[in-house]
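Note sheet for the following structure.
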Amino acid sequence: MSVVIVLDGAAPGRFSVAVSPLAELAACLHVLTGSAHHTEHAAWADQVTRTAPPAFRAGLGRFAPLWTALRWRAFYPGLDGPSPVAAPLAGLGIDRFAELTAYACASGYHGFDFSQVCHDPGQAAVLRHAAARLPEPHLGLAEDLLRDPEALRADILRFLDLCGRVFFGGLWAQTAPVLDRAAHLVRRRLADGGPAPALVSLSPSSARLVAPSAGPARVVFDKVHHAVINPARTPLLLIPTRYGAPHLLVKNEPGLPPVVHFPVEAPKVGSEPGAAVPADRAAGHDHRRPGGPADDDPPPGLPPSACPARAGAGADGAPRAARPLRARRRRGRPHRARSGDGPAVLRHPRPLGRPAGTAVVHQLFQREPVRGPHT
């Protein structure tokens, strides 16, 4: 089977590229639940689960249907509002929450109508029957949903908040620049070469361009399910993932913008030597040394104002910290700063934990950050 993306009439503007922390969190939870299929991250997954508190391990089991066979659509942008990159969990109605959660419990959305699953006994019966045919905890999660959807939503949000304190707060600070670079490269390919080469580059081993003599050109991904996506009718959202590699996922729930969650390890994606990356998108990282400090970090012991080439000026004309230094502060890395007229001292950020870790992930669920232009 295959997923077909029809290119006829699909201009580059019909494709949006966004970096999503919630989507990456879903990929991480998928790895933590089934690390045997992700050997690259097996040691990391073992360390996280072995040292995590019991409440985290319990939630990892209870909510597993949300990120195993069928990834929960609420992890991805575009649920409400006209923008395909609207916040995924902010203002999500309880009926929509129940519908998307029911799809995850049934591990599918074709042939199901769960739009009124908490109000229609017939839809509830279909959900129970579908979930009962799957291994636990699918049926257990479905029963929790039917019993009290608002309580289940609150439990899920508490677990996602716990993820930030256990592992995701620090992981996202390291992973976001990698995904930013991959997103920038795909945007550049869309602008320079058009949709066809950009889409094929997302998964060269499973994607191919089909250009028949009659009929529209299309990009075909070899997948275990079938879907036809026409970006000329519905804009397509492309989201890079580090921990979801090597899998490429296609989300195509009815009535929602389709999503392609593509791995950055795919050849030529996220690792092209010498790719031009804007400084604000790289968040102060040198793209030649992923994860390392930028070349123009202020020298140790000198305040930013002593480095004119590295410092700007505020609205009042006073010197302010250079962009890479501000990026280091935002990322929580150690940085040098002055207090009054005293010498610069090395400041260490607070350790990730309550309330710092809670604030990091709480912001992700309330307002999905989208980095830079989307087309």
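The values are calculated or read from the model by the stated rules, or taken from the named source; none is laboratory data. Predicted model, so just to flag it, every value in this text is computed and none were measured. Positions of Cβ are generated from backbone atoms using ideal geometry, with glycine treated the same way; all protein chains shown enter the neighbour counts. Note: areas computed on protein heavy atoms with side chains; ligands, DNA, RNA excluded. Shrake-Rupley method; radii C 1.70, N 1.55, O 1.52, S 1.80 Å.
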Filter result for ARG57 (without any contact (Cβ under 8 Å) to a residue 12 or more places away in the chain, surrounded by fewer than 23 Cβ atoms within 10 Å (Cβ to Cβ), under 13 Å from LEU160 (Cα atoms) and not small (Gly, Ala, Ser))
yes
The conditions are (1) in a strand (DSSP E or B); (2) modelled with pLDDT under 90, and PHE221 fails exactly one of them. Which is it?
(2)
Failed criterion for SER206 (all others in (1) open to solvent by 20 Å² or more (accessible area, probe 1.4 Å); (2) modelled with pLDDT of 95 or more hold):
(2)
When residues of the range 224-241 are filtered for being in a strand (DSSP E or B) and either surrounded by fewer than 15 Cβ atoms within 10 Å (Cβ to Cβ) or not hydrophobic (A, V, I, L, M, F, W, C) (or both), how many remain?
3
Close pairs from the range 198-221: first on the phi < 0 side of the Ramachandran plot and of a type in the set (Gly, Ala, Ser), partner part of a helix (DSSP H, G or I) and open to solvent by 10 Å² or more (accessible area, probe 1.4 Å), Cβ under 7 Å, at least 6 apart
ALA198/ARG189; SER201/ARG189; ALA207/VAL200; ALA217/ALA196
Does the range 1-57 hold any residues that are closer than 15 Å to THR241 by Cβ, out of contact with any helix residue (DSSP H, G or I) (no Cβ under 7 Å at 6 or more places or on another chain), assigned to a helix (DSSP H, G or I) and of a type in the set (Gly, Ala, Ser), and which are they?
ALA27
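For the condition touching an Asp or Glu at 6+ places or on another chain (Cβ under 9 Å) and within 30 Å of ALA217 (Cα to Cα), what is the one hit in SER2, SER35? Working first, answer last.
On the way: SER35 fails: within 30 Å of ALA217 (Cα to Cα).
Result of the check over SER2, SER35: SER2.
Could you tell me whether GLY140 is under 19 Å from ALA64 (Cβ atoms), in a helix (DSSP H, G or I) and either open to solvent by 40 Å² or more (accessible area, probe 1.4 Å) or out of contact with any Leu (no Cβ under 6 Å at 6 or more places or on another chain) (or both)? Show your work before the answer.
On the way: under 19 Å from ALA64 (Cβ atoms): yes; in a helix (DSSP H, G or I): yes; either open to solvent by 40 Å² or more (accessible area, probe 1.4 Å) or out of contact with any Leu (no Cβ under 6 Å at 6 or more places or on another chain) (or both): yes.
The answer is yes for GLY140.
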Which of the residues spanning the range 106-127 are open to solvent by less than 60 Å² (accessible area, probe 1.4 Å) and assigned to a helix (DSSP H, G or I)?
ALA106, GLY122, GLN123, ALA124, ALA125, LEU127
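Quick one: is THR175 part of a helix (DSSP H, G or I), among the hydroxyl-bearing types (Ser, Thr, Tyr) and out of contact with any strand residue (DSSP E or B) (no Cβ under 7 Å at 6 or more places or on another chain)?
Values: part of a helix (DSSP H, G or I): yes; among the hydroxyl-bearing types (Ser, Thr, Tyr): yes; out of contact with any strand residue (DSSP E or B) (no Cβ under 7 Å at 6 or more places or on another chain): yes.
Yes: the conditions hold for THR175.
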